[in-house]
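A quick write-up on the structure given underneath.
The values are calculated or read from the model by the stated rules, or taken from the named source; none is laboratory data. Everything quoted here is computed from the prediction, not taken from an experiment. No Cβ is skipped: glycine too gets one built from the backbone with ideal geometry, and neighbour counts run over all protein chains shown. Accessible surface is based on the protein model in full, side chains and every heavy atom, while ligands, DNA and RNA are left aside. Shrake-Rupley method; radii C 1.70, N 1.55, O 1.52, S 1.80 Å.
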Amino acid sequence: MSIQWYPGHMAKATRLIKEELKKVDVVIVLGDARAVERSINRDFFEVIKNKRRILVFNKSDLADESVNQMWKSYFSDEKETIFFVDCMNKKGIGELVSHIKNYKQNMRYDRAVHVMIAGIPNVGKSMLINTLAKRNAAHASNRPGVTRANQWIKVGMDFYLLDTPGVLPPKFETEEDGYVLTAMGSVKDAIVDKEELALFILQFMKDRYPLLLQNRYKLSDVDCDKIELMERIAKSRGFVTKGGLFDYERTAYTILDEFRNGKIGRISFDQPNELDGTE
């Protein structure tokens with residue numbers, strides 16, 4: 001199944017971002033720590049060209065900590081400026097603020113630093129702005145496509161933040177990319193069958209994090225195919241009709257909800273050693 005989602009407002013948002021760049025000193029490209037590679041829209045790099053950039057990965061509390069460390073090492077070698085943050089618990093925010101303030105020291109004029117925040121939908125752009133501003137300055141929601149216009153928000157005397165709408169690449173390179181971004185909530189659920197998405201998550205967890213899956217759903221093992229695995233989870237949770245049929249829909253919804261909220265455990269879809277095809 002082909003997963004594509006590029007509504008008209010995203011093309012408009014890209015144009016608005018280009019128009020605002022001349023007012024910007026530095027761009028924060030925000031991604032999701034659970035999918036460091038796939039949650040970054042590489043088209044942004046072409047759009048912002050030579051503007052200074054900071055890569056920030058939110059939701060680091062939901063990502064595999066050992067993989068977070070691997071990515072930090074990787075980006076250090078690449079000479080990229082990166083931060084892993086958890087906006088909910090304000091982890092990593094102080095370091096990011098200090099870094100942004102440092103830009104002011106090298107500016108030609110004594111004024112606030114203008115910072116653009118760009119990223120795909122639902123990686124937490126508005127949440128990051130609200131955390132930095134220490135108030136509800138931007139509308140945040142746990143669903144894609146909420147921010148539809150550029151908004152400047154003042155943060156003390158040191159810098160201004162520009163909130164921008166989430167923009168996905170016009171096309172995903174692989175079907176798996178679409179499933180990963182939908183699983184994280186960056187693509188609207190309506191375009192993907194919930195049961196197919198849940199089966200994708202189960203297969204990924206079975207291959208990469210079998211013990212997390214086994215412990216969460218109290219399974220004796222996960223040595224079966226993904227459909228039987230879903231049925232075992234349905235049985236474990238009591239999602240069985242009076243006629244003895246498995247309630248696949250309810251099971252799929254539960255798996256997706258618990259996956260997104262980190263209840264199954266901390267996971268990472270992307271690892272640096274996969275960029276060149278090695279494992």
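Would you confirm, using the coordinates I've provided, whether residue 22 is more than 29 Å from residue 262 (Cα to Cα), open to solvent by 60 Å² or more (accessible area, probe 1.4 Å), at pLDDT 85 or above and in a helix (DSSP H, G or I)? Don't jump to the end; show me each part of the working.
Details: more than 29 Å from residue 262 (Cα to Cα): yes; open to solvent by 60 Å² or more (accessible area, probe 1.4 Å): yes; at pLDDT 85 or above: yes; in a helix (DSSP H, G or I): yes.
So residue 22 passes the test.
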**Request:** Working only within the range 171-219, note down all residues that are modelled with pLDDT under 95, of a type in the set (Ser, Thr, Tyr) and either within 16 Å of residue 254 (Cα to Cα) or surrounded by fewer than 17 Cβ atoms within 10 Å (Cβ to Cβ) (or both).
**Result:** 174, 182
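Kindly establish whether residue 231 is open to solvent by 70 Å² or more (accessible area, probe 1.4 Å) and farther than 19 Å from residue 180 by Cα.
Working: open to solvent by 70 Å² or more (accessible area, probe 1.4 Å): no; farther than 19 Å from residue 180 by Cα: yes.
No; evaluated as a whole, the condition is false for this residue.
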**Request:** Check off (1) at pLDDT 95 or above; (2) surrounded by 11 or more Cβ atoms within 10 Å (Cβ to Cβ) for residue 245 and give me the number that stays unchecked.
**Result:** (2)
**Item:** Residues satisfying the stated conditions in the range 27-68, i.e. closer than 16 Å to residue 269 by Cβ, part of a helix (DSSP H, G or I) and in contact (Cβ under 8 Å) with a residue 12 or more places away in the chain
**Value:** 33, 34, 35, 60, 61, 62, 65, 67, 68
**Asked** Taking the range 76-120 as the search range and keeping residues that are touching a residue at least 12 places away in the same chain (Cβ under 8 Å), open to solvent by 80 Å² or more (accessible area, probe 1.4 Å) and at negative phi, which one is farthest from the chain's Cα centre (by Cα)?
**Response** 101
**Test: residue in the range 243-263 that is in contact (Cβ under 8 Å) with a residue 24 or more places away in the chain and more than 28 Å from residue 59 (Cα to Cα)** = yes
**Prompt:** Using beta carbons and a limit of 9 Å, which pairs, at least six apart or on different chains, have the first residue in the range 122-136 and under 15 Å from residue 181 (Cβ atoms) and the second one basic (Lys, Arg)?
**Reply:** 122/143; 123/59; 124/59
